Amino acid sequence: MLRTDYCGELGVGDVGREVVVSGWVDRRREHGDHLAFIDLRDRSGVVQCVVDERHDLRSEYVVRICGKVRPRPEGTVNPNLLTGEIEVGDCTVEVLSTAEPLPFPLHARTEVDENVRLRYRYVDLRTERLQHNLELRAKVNSAIRKAMEAQRFTEIETPMLVASTPEGARDFVVPARLHPGHFYALPQSPQIFKQLCMVGGIDRYYQIARCLRDEDLRADRQFEFMQLDVEASFVGQDEIMVFISEAVGAAVAAVTGTVPPEPIYMSWTEAMERYGSDKPDVRFGLELVELTGLFADTTAKVFQVECVKGINYTGGSKSLGRNAIDELTRKCQQWGAKGLAWFRVGDDGALEGALTKFMSVQEQAALGLAMDAKPGDLLLLIADSRRKARAILGLLRLELGRPPINEGGLNFVWVTDFPLFEAIDDQGHPVAAHHPFTMPHLDDVALLDGAAEELLAVRSQAYDLVLNGWELGSGSVRIHRMDIQRAVFRALGISDEEAEQRFGFLLDAFRYGAPPHAGFAFGIDRLVAILAGEENIREVIAFPKTQSGADPLSNSPTVISDRHLDELGLRIKFADSARRLEL
Ligand code: ASP
């Protein structure tokens, strides 16, 4: 037998038992009299085994040890170890596999270059941190599945080789050998298929789906990521928010043992006005204060603009010197501001700052009052278009106050009533904020044939779930009526032919009886990262890609042979040397 027990689970209750444990030699210490202490490690932890020196056991050898559990001698108990009260003695040892010295020491992984860790990911996976994170991830997946099943959702797998999907990122494509010159796209999401499921009477669909988007990578983004993908018929936004809150709540409870606090609900406009972001981090204050009205009759040129808003950085006058404020100003300029207006609040409560000389006494007093200014505070103002003022202060707020990811508890916020279009592009067409199947607010449908300004005012039935300032996911009520769908396509500048070519099969399906339906998807990697207290999602993915999208372990992406290219009917435009260099 290779094992009777896991190393980390042995305790005083096992004293006197003959056990067999197998695992990796974590550490080895010599101990006089031809004995050595071996810390044997498996997924559950480590246990100390006392073995005869004659065995040449090196770090990371894989061994099987038979022995008897006994209490540790007086004075050698290790309270930091779960198995610290016992050890395995009278050991017989069998080496199952030897190991070369590791490319990096497990106990100092954080000091090792990430490329090296990814090149030897199987070594990295042995660390307690990754073992813990992956266990946690499995718990999250399992809890989500249970919660969705309990809510009568059916798990359905949608295909990986598909036609281009409408999420708006760049597709990964796969050449189709049997159809030279044609390509499959890998799914950016199962969006169209899940809507087809609704037409197909599936009623409630879910999938823990792999999605692929060819976008620049960041700490919170990988080319491939996992989403809880959901769609349901005969329901609207409120029901979807409940379904998802249930699933997320169950995932949190499975990991932390407690159900998270009820989510907060906030309209997009409120989020933008108070937090300057559509993913408000409500763990801390520093809310944006509306000041436009206060400057209605101002003679100060800087404040004669569409919008003035500010943040009271409590106590900031004491903690931030002139250089620090200049640095903040530079940051605001990088984010697109003309400048940052600032005032220190003096000991007598009066405002001090270069701009006071352009402001009336009443204006200064009103500003202090509106911002609840106390001696020692620092008032930071942006005067610009409303759009810019909100966005810049939103970034400034995070810069000043954002706590580390694992502080401040779990704060879920549902942001609702997103605008249907987020901007107008160079050709004068609006850009969909979500995807083109998102239902507008029925009160705003008439605006769809209006001018650009009117279009930007159209609200949609789209909603996001935000956790501690991270966008976890988005969803919407879908358009199931062709007249509205046509109006949205028209507004987006998508011609009938293009709509037909890109989404024809979905539109076709809608001709045969489409139920009203709505859905959502959220990123599991991000949720797990937050629950694990990790800033970087690569720490919660077994085999992630580097920042440049490469996998140093399996050496992908890689060139393929000329024969393979021929088979696919492809020719590479670069010279051979360039192809090799790409490696
Ligand atoms: N397909 C959308 C996305 O991946 C989510 C949804 O609307 O259900 O962002």
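The values are calculated or read from the model by the stated rules, or taken from the named source; none is laboratory data. In this text, all values refer to a predicted model and were calculated from it rather than measured experimentally. No Cβ is skipped: glycine too gets one built from the backbone with ideal geometry, and neighbour counts run over all protein chains shown.
Could you tell me which residue of the stretch 73-127 is nearest to K545 (Cα to Cα), considering only residues that are among the acidic types (D, E) and in contact with a strand residue (DSSP E or B) (Cβ under 8 Å, 6 or more places away or on another chain)? Per the criteria, the residue is E94. Going residue by residue through the stretch 552-564, is there one that turns out to be surrounded by 14 or more Cβ atoms within 10 Å (Cβ to Cβ) and under 30 Å from L136 (Cβ atoms)? Yes - at least one qualifying residue is present in the stretch 552-564.
Quick grid of which residues meet (1) under 21 Å from E363 (Cβ atoms); (2) modelled with pLDDT under 95:
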site	(1), (2)
E273	no, no
G276	no, no
P280	no, no
T292	yes, no
D297	yes, yes
V308	yes, no
I311	yes, no
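Looking at the structure I just gave you, is E224 within 14 Å of the ligand (Cβ to nearest atom) and of a type in the set (D, E, K, R)? Yes; evaluated as a whole, the condition is true for this residue. Selection within the stretch 412-445: residues that are within 16 Å of the ligand (Cβ to nearest atom) and charged (D, E, K, R). The member of this set that is farthest from A247 (Cα to Cα) is E422.
When we screen G181, G168 for residues that are away from the ligand (no atom under 15 Å from the Cβ) and in contact (Cβ under 8 Å) with a residue 60 or more places away in the chain, the only hit is G181. Selection of the stretch 365-386 for residues being touching a residue at least 12 places away in the same chain (Cβ under 8 Å) and surrounded by fewer than 18 Cβ atoms within 10 Å (Cβ to Cβ) yields A366, A370, D372, K374, P375, G376, S385, R386.
Output the residue which, of all residues in the stretch 178-209 that are among the aliphatic types (A, V, I, L, M) and more than 18 Å from G473 (Cβ to Cβ), is farthest from the chain's Cα centre (by Cα).
Only one residue fits best here, namely L178.
Table: residues versus (1) of a type in the set (V, I, T); (2) crowded, with 20+ Cβ neighbours inside 10 Å; (3) out of contact with any His (no Cβ under 8 Å at 6 or more places or on another chain).
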{"position": "G394", "(1), (2), (3)": "no, yes, yes"}
{"position": "R397", "(1), (2), (3)": "no, yes, yes"}
{"position": "L400", "(1), (2), (3)": "no, no, yes"}
{"position": "V415", "(1), (2), (3)": "yes, yes, yes"}
{"position": "I424", "(1), (2), (3)": "yes, no, yes"}
{"position": "H429", "(1), (2), (3)": "no, no, yes"}
{"position": "H434", "(1), (2), (3)": "no, yes, yes"}
{"position": "V458", "(1), (2), (3)": "yes, yes, no"}
{"position": "R486", "(1), (2), (3)": "no, no, yes"}
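Meeting the requirement of 2 or more residues that are in contact with an Asp or Glu (Cβ under 8 Å, 6 or more places away or on another chain), farther than 30 Å from E114 by Cα and more than 16 Å from the ligand (Cβ to nearest atom), no strands (runs of 3 or more DSSP E) wholly within the stretch 446-553 can be named.
Is the stretch 193-210 home to any residue that is at pLDDT below 95, buried (at least 16 other Cβ atoms within 10 Å of the Cβ) and either within 26 Å of H441 (Cα to Cα) or within 13 Å of the ligand (Cβ to nearest atom) (or both)? No, every residue in the stretch 193-210 fails to be at pLDDT below 95, buried (at least 16 other Cβ atoms within 10 Å of the Cβ) and either within 26 Å of H441 (Cα to Cα) or within 13 Å of the ligand (Cβ to nearest atom) (or both). The condition (being touching a residue at least 40 places away in the same chain (Cβ under 8 Å) and within 13 Å of the ligand (Cβ to nearest atom)) is satisfied by just one residue among S189, S245: S189.
For the stretch 49-87, taking the residues that are hydroxyl-bearing (S, T, Y) and in contact (Cβ under 8 Å) with a residue 12 or more places away in the chain, the one that is surrounded by the most Cβ atoms within 10 Å (Cβ to Cβ) is identified as T83.
I'd like to check something: does the stretch 11-31 contain any residue that is within 25 Å of L130 (Cβ to Cβ), without any contact (Cβ under 8 Å) to a residue 24 or more places away in the chain and surrounded by 15 or more Cβ atoms within 10 Å (Cβ to Cβ)? Within the stretch 11-31, none of the residues are within 25 Å of L130 (Cβ to Cβ), without any contact (Cβ under 8 Å) to a residue 24 or more places away in the chain and surrounded by 15 or more Cβ atoms within 10 Å (Cβ to Cβ).
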